[in-house]
Structures are given as C-alpha cells and as structure tokens.
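The values are calculated or read from the model by the stated rules, or taken from the named source; none is laboratory data. The shown structure was predicted, so the numbers you read here are calculated from the model rather than taken from an experiment. Positions of Cβ are backbone-derived with ideal geometry, glycine not excepted, and every protein chain shown enters the neighbour counts. Areas reflect the complete protein model, heavy atoms only, side chains present, ligands, DNA and RNA absent. Shrake-Rupley method; radii C 1.70, N 1.55, O 1.52, S 1.80 Å.
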Amino acid sequence: NQKLLGEEFNDATFLTLDNKKIKLSDFKNDFLVISYIFSKCPMPNMCPASIIKNQYLAEHFKDDNMTFLMISFDYLYDTPEVLNNIYGELNQNNLLFLSSYKHINEIFMLTQQSGVAFWGVEDNNIGHSMRTIMIDKNLKLIKSFEGIDWKPGDAKRDIENILKVYK
C-alpha cells in the first residue's frame, strides 16, 4: 500500500553497479531521494528528464548528507553491468544508480509503497507512472514530487525548506 507522509517504508535490498547488495537502511544519510527509471525508456520527458533533475539536485545538495537514488524497475534487463555501461559515469558520490535485477519482490514492494506503478517488464514493453519520494534516515516519507512535470527549482526550494526544519 502507498505510504502517506510520516509513514515508514519497509527496508529493501538492491544491487549497486559493482553488483553488491545494498539496503536502503545501509545509507546513513539524513535523507534519501528515490526516483525510478529503466534504461530503455524511450520518452525523453520521463526517465532521462528524471535523471537530469536528480543530477541538478544532487549537485546542489552535495554537502547536505543526502543521497539521490535512481532505481531501475526493469528487473530482467537492467543488470548492474547494463546500468554501469549506460550510467556509470553519472554514478558518483550522492547520485547512485541501483539495479532491481533478481530483486523483484523488493522493487514491487518499494514502488507500491512509493505510489509508483509499472508494467510490461515480462513483455519487454514497459510502461510506468512517475513519482519521486524523499525519505529520512528512519525510512519515513517526508516529501513526494508527483508525475513528470515537477520542476527541479521548485524541488530545490522544497528540499531547502525541509533541511531548515530538520537542522
């Protein structure tokens, strides 16, 4: 079920680009910002735009104990190696790409709790909704950015305001 503000997410395990298991709770940051993508996304205003928005935010908040996670929900094709070949250069410091390869239960649980739907992985015809979430170190939902139309400048302002409250 989709989590509401203040509700805690279940922990989930994914794979880093060097094929190591990592849980959401392994990140010791004050905040995680999570977006969902897949490498074969054909829509420039969806996954590629989400990556660009997250790059902008990750750069702006690089000193704020916050990690931006781009988690692929293509649990069949987007292995750590595939993601590394495509996004390896972007994967650094506080912007990390994670694979759901062989972690189908976790990706279904996490996307459902995030209020994101995806379908068609088995048919190689993926469709999905979009939502970016921000959780605190206790995995509690503190903010969401809806759909594809949220603006990085607005998100930056919202996150800056959240940081003021938490400091």
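When both bridge partners sit in the range 29-102, DSSP labels roughly 10% of those beta bridges antiparallel. Shape summary: the chain maps onto an equivalent ellipsoid whose semi-axes, from the alpha-carbon gyration tensor, are 23, 17, 16 Å in decreasing order. Carbon-plus-sulfur accessible fraction, the chain (probe radius 1.4 Å, protein heavy atoms only): 49%. Overall, the chain carries a charge dipole of about 340 debye about its Cα centre when +1 sits on the Cβ of Lys and Arg and -1 on the Cβ of Asp and Glu, all other atoms neutral. Counting only DSSP beta bridges with both residues in the chain, the antiparallel share comes to about 60 percent. Comparing Ile142, Ile52, Ile133 in a Gaussian network model of the chain where C-alpha atoms under 10 Å apart are linked, the largest mean-square fluctuation is found at Ile52.
At full extension, Lys156 and Asp123 could sit 8.2 nm farther apart than now, given 0.36 nm per residue minus the alpha carbon distance. With a Förster radius of 41 Å applied to the beta-carbon distance between Asn138 and Tyr77, the computed FRET efficiency rounds to 0.80. Panel note: the C-alpha atoms of the range 44-95, placed on their principal axes, show extents of 34, 23, 17 Å (largest first). Compared with the direct C-alpha span, the chain from Lys21 to Val165 gains 48.6 nm at full extension, assuming 0.36 nm per residue. The Asp30 and Asn10 beta-carbon pair, evaluated with R₀ = 30 Å, returns a calculated FRET efficiency of approximately 0.90.
Calculated [222 nm] ellipticity per residue, helices only, for the chain: -9000 deg cm²/dmol; basis is -39500 (n - 2.57) per DSSP H run with n ≥ 4, divided by all residues, nearest 500.
Heavy atoms of the protein chains alone define the surface here; on that basis the range 1-88 has 48 Å² accessible area per residue at 1.4 Å probe size.
Pairs exceeding 28 Å between alpha-carbon atoms, taken from Lys140/Lys164; Lys21/Lys164; Lys20/Lys156; Lys3/Lys164; Lys23/Lys53: Lys21/Lys164; Lys20/Lys156.
Residues whose amide H falls under 5 Å from that of Leu98, counting only those 5 or more places apart or on a different chain, are Met70, Ile71, Ser72, with hydrogens built in the peptide plane. Residues in the range 142-149 carry Karplus couplings, in order, of 10, 6, 9, 10, 8, x, 9, 9 Hz; the curve used is 6.51 cos²θ - 1.76 cosθ + 1.60 with θ = phi - 60°, and Gly or Pro positions show x.
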